[in-house]
Amino acid sequence: MSTFDGNEGTIVNQTTAAGMTHNYRECPDDTKPVYNAQFFGALKLKALMDDCGDDFMGLRIYNGIDESGNPTLVLVGVKADQNDMYERIMLASGPRCPNCCDSSSPLNA
């Protein structure tokens with residue numbers, strides 16, 4: 001079993017993130033890909049938060065489908081006024097569960 005190193009996930013720009021969320025919205029409900037969870041490493045999360053600066057209040061997580069047709073989550077920083085910080089870096093495409101699941105977790109039972 002491999003281990004996480006904190007660098008899991010891919011930093012994406014606005015164009016890539018918008019394409020992923022568009023693909024998900026346009027996918028018919030009966031063919032939307034399904035997965036249990038996705039993991040993002042601490043180093044990538046810290047990079048996102050640091051890039052957002054003092055305006056960062058939290059994360060919004062969108063469903064997406066990448067260019068290969070794989071399901072992904074898209075993480076974007078959010079300001080106090082509830083607006084996405086899409087002009088900053090975002091994260092997507094972390095390792096998906098199944099494949100990197102904690103089999104002992106009650107969240108994965």
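Bear in mind that the values in this text are calculations on the coordinates, not laboratory data. Remember, predicted model here, so these are calculated numbers, not experimental data. Cβ: placed from backbone, ideal geometry, glycine included. Neighbour counts: every protein chain shown.
I want to verify a result. In a Gaussian network model of the chain, Cα cutoff 10 Å, which of these has the top mean-square fluctuation: VAL76, VAL12, VAL34?
VAL34
Please state the shape class of the stretch 32-100: rounded when a/c is under 1.5, otherwise prolate if a/b exceeds b/c and oblate if not, all from the C-alpha gyration tensor.
Values: a/c = 2.45, a/b = 1.81, b/c = 1.35.
Prolate shape, in that a/c is at least 1.5 and a/b is the bigger ratio.
Can you compute the helix-only [θ] at 222 nm over the chain? Use -39500 (n - 2.57) per DSSP H run of at least 4 residues, normalise by all residues, nearest 500 deg cm²/dmol.
Details: 2 runs with 24 residues, N = 109.
Per the formula, -7000 deg cm²/dmol.
Cα centroid distance between the stretch 12-40 and the stretch 63-109, in Å?
9 Å
Choose one of ASN83, THR72, ILE11: the residue whose Cα lies farthest towards the positive end of the charge dipole of the chain (beta-carbon charges +1 Lys, Arg; -1 Asp, Glu; about the Cα centre).
Result: THR72, furthest along the dipole toward the positive end.
Once you charge only the Cβ atoms, +1 for Lys and Arg and -1 for Asp and Glu, what is the size of the charge dipole of the chain about its Cα centre, to the nearest 20 debye? All intermediate terms of the calculation are to be shown ahead of the outcome.
Working: 8 positive and 15 negative charges, 34 e Å.
Computed about the Cα centre, the dipole is about 160 debye.
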